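All remarks here apply to the structure that follows.
Computed from the coordinates by the stated procedures, all read-outs in this text should not be read as laboratory data. In this text the structure is predicted, and so the values were computed from the model without any measurement. FYI the Cβ positions are ideal-geometry reconstructions off the backbone, even for glycines, and counts take in every protein chain you see.
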């Protein structure tokens, strides 16, 4: 069993990604947005959004066809910066994290990227391909987020179970390489993929 965190800014598709691959009905803590949060939660770029995660999302995915059968426990974080303290609890015991990115609002990606760089938890960046959004090459996003070459960056559609599963497999591979580096001190081989 492996615990994986799916993080990212407000409205980037974390709840959607967990729901896309979960083989159980996902546990969701979605609540309606209210006027009380208007001063602290900007809806710029996601004006149609009506709900938000206030604690976490939870889903489960079994990967029986991998070299070793895996059961993944997926925890989606709330996206607003005011909930970042909760991320420490959600990350306890996790093997790694997926940072979902919306290139229309790239500034919301810096908080999760900085969080995982600071905590040292292995992470990959998945560019969620929203309908109508400009398609950027993963290397352009790497440059914009100032990510090192060791962090895998790939494109995905958070609504597509195959895309999300591919991102999760890339994360597991990256986490294994990261653990190997920490034990031996050798540089890992690149796992950069464009899903």
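Modelled spin-label separation between residue 86 and residue 25, with each label point placed 7 Å from Cα along the Cα-to-Cβ direction: 2.1 nm.
Put simply, when 150-163, 79-92 are sorted by average Cβ atoms within 10 angstrom per residue, most first, you get 150-163, 79-92. For the pair residue 106 and residue 176, the difference between a 0.36 nm per residue extended length and the Cα-Cα distance amounts to 22.4 nm.
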